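Data block below; observations after.
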Amino acid sequence: MTQASDIRDNEVAVQAPTPSDAALTYIGRIHTPWQTRKECPRQGDSEDGPVCELEIFEPWGAALEGVEELERIQVLYWLHEARRDLVKQSPGNTGMTKGTFAIRSPVRPNPIGISVVTLVARNGNRLQVRGLDCLDGTPLLDLKPERCPHKH
């Protein structure tokens, strides 16, 4: 996905360094109805969107203990088909650019996605949730309970 034709007007790509300083372990796989990026909802799906499934691989199943007590869960996932080389992007293809760290685009040096989802059900090592916005087959990195925002 790093072809010159994928760059919009005024976007800037760089030669990204070869990743070498971290290793991640996928704890599972995400199953959604979306096969292409264009099909995916923007900025997370709505509460009434389709039920998607988080499949947790062994040996991580035991880490789900107590998850059914949660209403909302933060899901961290690896956007495995995202480009990683844009430093300036044009959201909405407007021709206006912003730096990658100033927008929520999936195109990032480390394409980690985060969604807050609603837990629908747990069936063993599988969680049914609503609120995802990623491709079917997306690697799952981590799950965390949603934390209530605190004002300081």
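Read-outs: derived from the displayed coordinates by stated rules, not from any lab. As the structure is a computational prediction, the values presented were derived from the model and not from experiment. With ideal geometry, Cβ positions are generated from the backbone for all residues, glycine too; neighbour counts draw on all protein chains shown.
Provide Rg over Rh for segment 69-152; use the alpha carbon set for both Rg and the Kirkwood Rh (inverse mean inverse pair distance).
My calculation of the ratio gives 1.04.
Under a 5 Å amide H to amide H cut-off, with H placed in plane at 1.01 Å, what residues pair with residue 88 once short-range neighbours are removed?
For residue 88, the qualifying residues are 12, 100.
Take the alpha-carbon centre of segment 61-89, take the same for segment 103-138, and report the distance between them in whole Å.
5
Using alpha carbons only, what's the Rg to Rh ratio of segment 40-114 with Rh from Kirkwood?
Radius of gyration relative to Kirkwood radius: 1.06.
For the chain, give the magnitude of the charge dipole about the Cα centre (Cβ charges: +1 Lys/Arg, -1 Asp/Glu; no others), in debye to the nearest 20.
With Lys and Arg at +1 and Asp and Glu at -1, about 560 debye.
Taking the Cα centre of segment 24-64 as the origin, how large is its charge dipole in debye, to the nearest 20, when only Lys and Arg (+1) and Asp and Glu (-1) carry charge on their Cβ atoms?
Around 260 debye, computed over segment 24-64.
Determine which aspartates and glutamates satisfy two conditions relative to residue 144: a Cα distance under 14 Å, and not lying fewer than 8 residues away in the same chain.
Residue 144 reaches 65, 68, 69, 71.
What percent does the relative contact order of segment 46-152 come to when contacts are Cα pairs within less than 8 Å and at least six residues apart?
In percent, rounded to a whole number, it is 40.
Divide, for the chain, the radius of gyration over alpha carbons by 2.2 N^0.38 Å, where N is the residue count.
My calculation over the Cα atoms of the chain gives 1.13.
Per-residue HN-Hα couplings for segment 25-32, Karplus 6.51 cos²θ - 1.76 cosθ + 1.60 at θ = phi - 60°, whole Hz, x for Gly and Pro?
Karplus-based 3J(HN,Hα) across segment 25-32 equals 10, 6, 8, x, 9, 9, 10, 10 Hz.
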